[in-house]
Each structure stands twice: as structure tokens, then as C-alpha cells.
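Below: the structure, in C-alpha cells.
The values are calculated or read from the model by the stated rules, or taken from the named source; none is laboratory data. From a predicted model like this one, the values you see are computed outputs, not experimental measurements. Here the Cβ positions follow ideal geometry from the backbone for every residue, glycine too, while neighbour counts run over all protein chains shown. Areas reflect the complete protein model, heavy atoms only, side chains present, ligands, DNA and RNA absent. Shrake-Rupley method; radii C 1.70, N 1.55, O 1.52, S 1.80 Å.
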Amino acid sequence: MNTTTVPDLLRARAAERAGGYGFIVDGEPEPARLPMSWLYQRALAVAAGIDAPAGARAVLIYPPGLDFIVGLFAAMLAGVVAVPVYPPGSGGPAANASARLNQVLADCKPEVILSTADVIAVKDTAGIGTGSVRWLATDTTTGASQDWRPPRVSGDDIAIIQYSSGSTGTPKGVVLRHRNVLANLAAIETAMGLTRDSVIVGWVPSYHDMGLIGYILAAVRTGCWSYLMSPSDFLRRPAIWLESISRVRGTVAGGPNFGYELCLRRVTDAERTAVDLSSWRVAFSGAEKIRPSVLRRFGEAFDLDEGVLYPCYGLAEACLIVSGARPGSGLRSVWLDRRALEQGKVAESTVDAVEIAACGRPVEAHELLIVDPASATPLGAGQVGEVWVRGPSVAGEYWHRPEESGETFGATLGDGSGPFLRTGDLGFLRDGELYLTGRSKDLLIIAGRNIYPTDIEEAAQAADRRLRAGCGVAVELPGPSHNLVAVIQETTEQDPDELAGLAVGVRRSVAERMEIVVDTVVLIEQRTIPKTSSGKLRRSATRQDYSDGRLAVRYEWRRPGAGEA
């Protein structure tokens, strides 16, 4: 069968009765299962009731579960554009989801919203401002009419508008056409060695690019089984992820660095010894900075073969994956001189060094360059610059944002070649592999030094275990004569005297490790720092929340003479 669209893939897998989806609920003995053949029939019935013109936007608002998958494929079968969004009202990172959802609705102007009857019943109290947009409860939709036929869809048609997670600003809709999605799915299958015998197990939200492309659509490309779970279940009890891999004999599972770190902190000895992870073949890590020490400790703690660890790199603007290690090659890293790196130079060192992980080679049919953004000139191996990418997975635009689309997707080199996607990420190439050092928008300029905020954050958190790892940001604040360095950090401590001592520890640790004077230390309540749906720190949003007085501050210290922030 000629497959040029996602519905083509689903029809093929349904006819072959290959693969399907499961949903795991903590405490229930067996996951709910939805084979591809059942999924196709159910999605077909829902698609018949969508009743919207080709190319119309269908926003998907679902709690975690299999209903989201039905709605996703129904939208694409109906020839409308699927727009997955973060559902409001689930707490934690979703506390401000209603505001973000309303931003998305205003931007994409949907003709229909697909959801469940339960969500529709509370949509008004959830503060979702949809006006006269029609809602469709896909979990109560009856069978399709006998004479309804799916419209023709081509590879150039828009499949999904994937709204970016908003780590540096308001969400932007990445326009993904069917050909982009299929190209990335083929790249994932090759890069990770997926087969029909693979079993995917994931907890990252289905409306995030990793969950959507890597967990859901990768299964329909390969014809394998994919098991999902609620992100809140994982955050509450991370052992559920490992228990699920053990139970269904998962072979491919992964997520951002903080997920591995959470398992190391919260999985008990009894839970660890009760699982059998010998089936795990690809433990991928991406979506945020890869911390080799965390992956290494995770592999040791849970008895994984070193070759299972799989660092990778991707972003929504390229559907998902851009580079990845070869399966079985394991974790590779290099220790670099911190001061040289601040000057954009790569020099190995064992003194005052930082460990950077390799993120593998560019995936099949894609080109990756390290570019000096000022001159638009490619840099040689071992030089730090901006990561530029081109290939069939790369989108061509943001939804209705022509100026930003041109800046991001229309970059050309000094010789006129292109277009390239400007990722905004900084890194270098070494032996053909990508090493990421940070994001250009987050870079701090301190006394002429280019400082990556992650270095300050790690130094601050090393001061005391009560400073939550991965839950603090280093940002610049305006001062009377120069920008001030601020550390905004979550803590488990509440006693005022102890908080004052923690602030001293933060300043001392950063000074000793980085030779940087911290002007402001702000200690805030647990689970309040702004993050994206995949756990990325939203540094600019945190800085703005602090300036606007919206943070739950437990203690604040400012260096005398530094002025008001």
C-alpha cells in the first residue's frame, strides 16, 4: 500500500491487524488495550461526525487516555488539522493551562473541539473561552453513516499544528504536514531500530511532541504496541513507569532528564528490586539538557546494560528527532574546560571542567550544521555555534506568523544555500556527533563571559539537598548600572533561619565553583517554578513572574548596593 499520509498508515496497520495502544492506570492489574483494527473503526465513526471542511482546525482537549488517540486519528481521517493542547484543571504544571489553552484557541481559530463528555460538562467552569465553537464528545459518538467516506488527503496537507511548549515565550503553532510527519517517523524507526516486536512505554504527555510523535505515531508507523500512562501518575509515583516496562516487556522507553532523576530520588529499594528491566533496549533521553551523570547513575541503579542508554536531540519544529545515537552504542561524553567553552572554544580538561553528552549523529536524510549566526558561516568541528538543520522532517512555518516563520525556517548561509531551520540551540560537532551546550536565548553575559545558566543552577543546587535538583533558574535582572545575577530556586525548607543559611550556601557554592557573584537569591515553594509540559525550565517566564510578584517566595536576599531588581 502506498502510504503518503498518517491515515494511510493506520489503514495499513488495521488491515494487517498489527500493533495497537494500551493505557496503564496505577493500581489496576491490566492496561486497557486498543488494537489498530479497533482504533481504525472507532476513529472512522468519530470522523464522520466531525462535519468540518478540509483544512479546518480541530482542537483536541483530552485527559490522559485512549480517547485522545481516537480523536487524533479521527481528525486526520476527516481531513481536518489536529491541534493537541494541554487539558486544563489537572493541577501541577497545568495550573495555568486554561490561559495557555485560550491563547492557542485564539491563535488557531478552530471550527470544532474534540473531547470527552466529562470535559465538555465542565468546560465553562474550567474557564475555556471558546465562543460559539462546536464541541464533539468523541467517547459517546455512535457509528458512522453507511454512505460517509473519508476525504482524500495528500502528503502536502497539514496533519498537525504542534504548539511549542513555550519555554521562552508564548506558544507558537508549528505547521506539520503529513510528509513531514512520515519522514520523521521513518527516521525514528531507523535511528532507534524499531520493529513490530518493539514495545514502547511512555509517560510524557500525548500533546507534547515527544509523546505525540515518539509514543503514539511511531507505533502506527512500525506496527508495534505502545503503552501510555498519565504523567501525573508518573510524577506521583515514578516506579509505575519501571513496573510497566517490566510488566509488558517494554523495549523502548524514555523521556527528559528529570524523569530519570525522579526515579533515582523516589523509587524505593523494594520497588527497584521488584522490577525486571532486562527487555529494555533503548532508554532514550532528550527534550532538555542531557546530564551524563544522571543517566550513568540510572543505568547502574537499575542494572541496565551501558549500550541501552540512548541520548538524542530534537524539537517540535522538526517534528521530533534530529539526531540520535546508534542503538547499542551507549552514552558518550567529553569533559571540557569551562572557561574555554565560555569563549566558544572546545578544549578538553580535567580541571574546572564540564561534562557534555553526545546526542548522536543527524538522522537519515537530514543535514545538521554548526553556524556562526552573525556571519551565517558554517563552523568547523570543535567550534561552538548555533545548530541549523534541514531535511524532510523540518516544518516550513509557524501558523499565521510570517515574520517569525521567515526568521526561524528561512535561514540561509552566506553563500545563499538553504533554507535551514535555526534551532536557537548552541553546540558543536565532534567526530560527526552533536554536542549541545545550551540555548542562545538563555545565555548570560557576565563580566564579558558567556555563561550557560545550567552551570550556575547546578552549582547552586550542589550547596544543599534541600535545594531541589532541576527546579531552579539562573537569570539576569536589570540593575542601576549593569545586569544582576539572580538564582531563583525551589526548596523543601520552611524555617526562616534555615532559609537564610541556604541562601548563604547558594552564594558560596556559585562563587567557589564558577567565580561568579550572585546578586539575588530567591527561595520559593516546591513545584511552583514555571516549566513546560515536558519539564523544561521556563527561565524567561520565571524572571517575569518574579518581577511581577507572582512567585510563592519563602525567602529573598539581595546583595547590598546592587539596587532594586
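Points to keep in mind about this one:
- Residues in the stretch 270-284 that are β-branched (Val, Ile, Thr) and either in a loop (DSSP other than H, G, I, E, B) or surrounded by fewer than 12 Cβ atoms within 10 Å (Cβ to Cβ) (or both): THR273, VAL275.
- The stretch 268-291: number of residues that are farther than 18 Å from TRP203 by Cβ and among the small types (Gly, Ala, Ser): 3
- Failed item, numbered, when GLN383 is tested on (1) within 25 Å of ASN184 (Cα to Cα); (2) among the polar types (S, T, N, Q); (3) over 20 Å from the mean Cα position of the chain (by Cα): (1)
- Residue among PRO53, PRO29 that alone is open to solvent by 40 Å² or more (accessible area, probe 1.4 Å), within 18 Å of ILE160 (Cα to Cα) and without any contact (Cβ under 8 Å) to a residue 60 or more places away in the chain: PRO53
- Within the stretch 451-464, tally of residues that are of a type in the set (Asp, Glu) and open to solvent by 40 Å² or more (accessible area, probe 1.4 Å): 2
- Restricting attention to the stretch 491-519, the residues that are touching a helix residue (DSSP H, G or I) at 6+ places or on another chain (Cβ under 7 Å), of a type outside the set (D, E, K, R) and open to solvent by 70 Å² or more (accessible area, probe 1.4 Å) total 1.
- Counted residues, the stretch 471-500 - those being touching an Asp or Glu at 6+ places or on another chain (Cβ under 6 Å) and outside any loop (DSSP other than H, G, I, E, B): 6
- Within the stretch 434-446, the set of residues being touching a residue at least 24 places away in the same chain (Cβ under 8 Å) and either under 15 Å from ARG338 (Cβ atoms) or more than 21 Å from the chain's Cα centre (by Cα) (or both) comprises TYR435, THR437, GLY438, LEU444, ILE445, ILE446.
- Single residue of THR142, THR170 found to be β-branched (Val, Ile, Thr), open to solvent by 20 Å² or more (accessible area, probe 1.4 Å) and over 16 Å from the mean Cα position of the chain (by Cα): THR142
- Of the strands (runs of 3 or more DSSP E) lying entirely inside the stretch 307-417, the ones with 3 or more residues being open to solvent by less than 30 Å² (accessible area, probe 1.4 Å) are found at 309-314, 321-324, 353-357, 367-372, 385-390.
- Note on the stretch 440-462: among residues that are outside any helix (DSSP H, G or I) and touching a Leu at 6+ places or on another chain (Cβ under 7 Å), the one that is modelled with the lowest pLDDT is ASN450.
- The stretch 546-562, subset more than 19 Å from ASP497 (Cβ to Cβ), surrounded by 15 or more Cβ atoms within 10 Å (Cβ to Cβ) and among the hydrophobic types (A, V, I, L, M, F, W, C), residue modelled with the highest pLDDT: LEU551
- The residues listed here are ARG42, ARG17; of these, the one that is surrounded by fewer than 18 Cβ atoms within 10 Å (Cβ to Cβ) and without any contact (Cβ under 8 Å) to a residue 60 or more places away in the chain is ARG17.
- Per the listing SER206, SER226, the residue uniquely open to solvent by less than 10 Å² (accessible area, probe 1.4 Å), in contact with a helix residue (DSSP H, G or I) (Cβ under 7 Å, 6 or more places away or on another chain), of a type in the set (S, T, N, Q) and under 24 Å from ARG33 (Cα atoms) is SER226.
- Only one of the listed residues (LEU523, LEU537, LEU467, LEU477) is farther than 24 Å from GLY259 by Cα, touching a Ser or Thr at 6+ places or on another chain (Cβ under 8 Å), surrounded by 18 or more Cβ atoms within 10 Å (Cβ to Cβ) and not β-branched (Val, Ile, Thr). That residue is LEU477.
- Taken over the stretch 290-306, the residue count meeting the criterion of being assigned to a loop (DSSP other than H, G, I, E, B) and buried (at least 21 other Cβ atoms within 10 Å of the Cβ) is 2.
- Listed by position, the strands (runs of 3 or more DSSP E) inside the stretch 1-61 whose residues that are out of contact with any Asp or Glu (no Cβ under 6 Å at 6 or more places or on another chain), among the aromatic types (Phe, Trp, Tyr) and more than 30 Å from ARG237 (Cβ to Cβ) number at least 3 form an empty set.
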